[in-house]
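First up is the structure itself, then whatever we jot down about it.
The values are calculated or read from the model by the stated rules, or taken from the named source; none is laboratory data. Values in this document were obtained by computation on a predicted structure and should not be read as measured data. So basically every Cβ, Gly included, is an ideal-geometry build from the backbone, and we count neighbours across all protein chains shown.
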Amino acid sequence: MKFHYYLLVNQAAGGGNGKKVSDQICSLMKQQNYSFTTYLTQYPDHELELVAELAEHTLRPFDSESTKEYFPLLVVIGGDGTLHQVINQLKMMGKERPIAYIPAGSGNDFARGIGLPREAEQAFQRIIHTTQPRSVNILTYEEAIQERSGISVNNIGIGLDAAIVHRTNHSVTKENLNKYNLGSFSYIASVIHVLFKQKGFPILIEANGQTYHYDKAFLCTTTNHPYFGGGVGIAPMADINKTTLDLVVVERLPMYKIAWLIFLLLRKKHHLSKYYHHLSGTKVRLVSPTPQFSQADGEVLGKGPYDLAIALTTQLFWC
């Protein structure tokens, strides 16, 4: 089967790395005479418009028995946030389409979780040598209070991680630092600020037919692979191939003990802390009665009380 590759590129991903990776991939495709078309994002959320147009008029479900000359394969080049946006749009439209992915963001946790090469040329080679799509577990959520739903390829968090993302995205210095590839400093500054400001909050969790209460949760993250925050293995027991999702709760702890927890995290022994709790199940429900920030794949969902039901669904990936 021959392919025509439709490259959907978030040029701004990874502080401009999206454009660099796109230029590299386009050069490789020209050298090897592959058929492709490039779509470049020009402004925030432009990828939603581009994928909607492609899904409606160009992309089609995969059929290994098809006699058509070319199969139109969507290749997303960007970060986890770009991938999040594209798949959400497809799911909202009810379009089941395979997606190839070349990571070009700053975190690239999905690539880590799925075992996809994070080096652009290696990811490209994986795509062109793949002959059929792979069904991969991702998260799906429904929020009852704000009446919204969607998917997440990495994790859905309430509390610390979401507050850090919100502060980083609203930092007046982030854009200037990104120009000099120093965006990580903005993130570090946000981490330090939120660590001191984030207070414990009550949360109720339902999983496996049982109910759990935590009065002073600090971080609550549901995931189906180990990583968040750019390679932090917050849930080492998670596996994207399992049919269950994993939930981690970290309770608010004294500031002088945070350094010790970080030390344990670096040694992959943070699960031994009494402030760290792990639950798993095919579906979980999270109820947060006090206003908190939440995030999915680094995209802030807002601030408010939450009643979240999270489960697994699947997406076809060309990998």
* Asked: What do you reckon, is residue 64 of a type in the set (Ser, Thr, Tyr), more than 25 Å from residue 233 (Cα to Cα), part of a loop (DSSP other than H, G, I, E, B) and at pLDDT below 95?
  -> yes
* To do: Among what's in the stretch 111-139 and is without any contact (Cβ under 8 Å) to a residue 60 or more places away in the chain and not charged (D, E, K, R), pick the residue that is nearest to residue 228 (Cα to Cα).
  => 111
* Structure fact -> All conditions in (1) in contact with a strand residue (DSSP E or B) (Cβ under 9 Å, 6 or more places away or on another chain); (2) surrounded by fewer than 15 Cβ atoms within 10 Å (Cβ to Cβ); (3) β-branched (Val, Ile, Thr) are true of residue 262 except (1)
* **Residue in the stretch 79-87 that is surrounded by 23 or more Cβ atoms within 10 Å (Cβ to Cβ), at negative phi and not in a helix (DSSP H, G or I) present** => yes
* Say whether the condition of being assigned to a helix (DSSP H, G or I), of a type in the set (Ser, Thr, Tyr), loosely packed, with under 15 Cβ neighbours inside 10 Å and without any contact (Cβ under 8 Å) to a residue 40 or more places away in the chain is met by at least one residue in the stretch 41-50. => no
* Can we say residue 132 is at pLDDT 90 or above and part of a loop (DSSP other than H, G, I, E, B)? -> yes
* Asked: Among 97, 126, which is surrounded by fewer than 24 Cβ atoms within 10 Å (Cβ to Cβ), touching a Phe, Trp or Tyr at 6+ places or on another chain (Cβ under 9 Å), under 15 Å from residue 59 (Cα atoms) and outside the structural domain of residue 242 (by TED's automatic domain parsing)?
  -> 97
* Structure fact -> Restricted to the stretch 131-161 and to residues being hydroxyl-bearing (Ser, Thr, Tyr) and under 18 Å from the mean Cα position of the chain (by Cα), the residue surrounded by the most Cβ atoms within 10 Å (Cβ to Cβ) is 152
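Rundown of residues vs (1) assigned by TED's automatic domain parsing to the domain that holds residue 77; (2) at positive phi; (3) of a type in the set (Ser, Thr, Tyr), yes/no style:
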residue: 248; (1), (2), (3): no, no, no
residue: 259; (1), (2), (3): no, no, no
residue: 263; (1), (2), (3): no, no, no
residue: 268; (1), (2), (3): no, yes, no
residue: 278; (1), (2), (3): no, no, no
residue: 285; (1), (2), (3): no, no, no
residue: 290; (1), (2), (3): no, no, yes
* What are the pairs, 6+ residues apart or on separate chains, where a residue within the stretch 191-213 that is closer than 18 Å to residue 305 by Cβ and touching a residue at least 40 places away in the same chain (Cβ under 8 Å) has its Cβ under 6 Å from a residue that is basic (Lys, Arg) and assigned to a loop (DSSP other than H, G, I, E, B)? -> 200/252
